1. I'd like the distance between the alpha-carbon centres of region 151-194 and region 1-77, rounded to an integer number of Å.
2. Mind checking the angle between helix 44-53 and the chain's longest principal axis? C-alpha axes, 0 to 90 degrees, to the nearest 10.
3. With just the Cα atoms of region 184-275, tell me how far they stretch along each of the three principal axes, in Å, largest first.
4. Among bridges DSSP assigns within the chain, what percent are antiparallel (round to 5)?
5. Over 10 Å intervals from 0, what percent of Cα-Cα pairs in region 26-65 sits in each interval?
6. Taking 0.36 nm per residue of sequence separation and subtracting the Cα-Cα distance, how much length would be gained by fully extending the chain between residue 28 and residue 54, in nm to one decimal?
7. Quick one: if you stick a label point 7 Å off each Cα along the C-beta vector at residue 1 and residue 272, how many nm between them?
8. To test your reading of the geometry: what angle, between 0 and 90 degrees and rounded to tens, separates the Cα axis of helix 155-164 from the longest principal axis of the chain?
Ligand code: ATR
C-alpha cells in the first residue's frame, strides 16, 4: 500500500519540505507521498488523532506546534526530551507515536559538511536562546564542541540553556557579545532576524568579527542574510541555512524509510524554489 507522510504547521503554504521529501521518494523509487497540512493551534489534538487514524507513516512538525505536540505522543527520543521540542514523528510498527528532534543534529551535519569535523575545539557563540538555539547548543555539545557561549536579548533565557549544558557554558548580552566578538571562531545565528517576511534587525554589531571566523545562519530565505553578507565582506567563511534544512529533513526521512537520501542533488532544486 502507498505510504504517506506530512508536515503540520501554521502557516504551512511556503514550506519546502513537500518538494524535498517527494523528490527523495521519487529518486529512491519509494511509493510514498508527503503533504503539507495547515493545522491551527486549537486543531492540533484533532489533527494528530486524524493522522493516526488515516495511517500516516510519520510527519514533520513545525511552528507553532513543536512543543505542544509532546503530550500527544507515546514515546520521546532522547534528542526530543532534552530539547523539549519535536520536529519529527515516527509511527512505530506497534502503532505508537515516537517524537524526535532532528534540527540540532541537522545543523551540526550542515556545519561539518562545510568545515569538517576537526574544529570542535574552537570557540562557538550562539546568537539567540529560543527553541532552535537550544537544539543546536545540545547537538553541538554532544558532538564534542567544548567551548560554547550563548548571547540573547533576554540574557536569562541564555542562562537557562547554559545551566542545562553539561559543560561550563557562558551567557552574554548581545552587547557584550558584540564587544567580545573577536574571541569567537564559530558564530551561529538562530533568531528569525533577517527572515524575508516579518524580519527585524538584530541589535548585534559585527565590527569585531574575525576574518578567519565561520559564520552560520539558520535563516535560509533569503540565503544570504544581512549577517552573512557582512561576514562575507570581512572574508569570513559563510554557512547558509539551507544545509540545516536539508539535513534535518534527511534525518527524518531516514527514520521513516531506513534509507539516507541524496543531500546534494536536492539542494539546487530547493534553491530554485526559494521565493
Ligand atoms: P525558535 O523556537 O524558532 O528559536 P523563539 O523561541 O521564538 O524561536 O526564539 C526567538 C529568538 O529570537 C529569541 O532568542 C529571541 O530573543 P528573546 O529571547 O529575547 O525574546 C530572539 N528575538 C526575537 N525578536 C527579537 C528582536 N526584535 N531583537 C532581538 N532578538 C529577538
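1. So the separation of the two Cα centres works out to 32 Å.
2. Tilt relative to the chain: about 50 degrees.
3. 46, 29, 20
4. So the antiparallel bridges amount to about 20 percent of the total.
5. 23, 52, 20, 5
6. Details: separation 26, 0.36 × 26 = 9.36 nm, distance 2.40 nm.
Separation in residues times 0.36 nm, less the Cα-Cα distance, equals 7.0 nm.
7. 3.5
8. 70
Every number in this text was worked out from the coordinates using simple rules, so none of it is lab data. Model, not experiment: these values are computed from the prediction. Note that each Cβ is placed from the backbone with ideal geometry, even for glycine, and that neighbours are counted across all protein chains shown.
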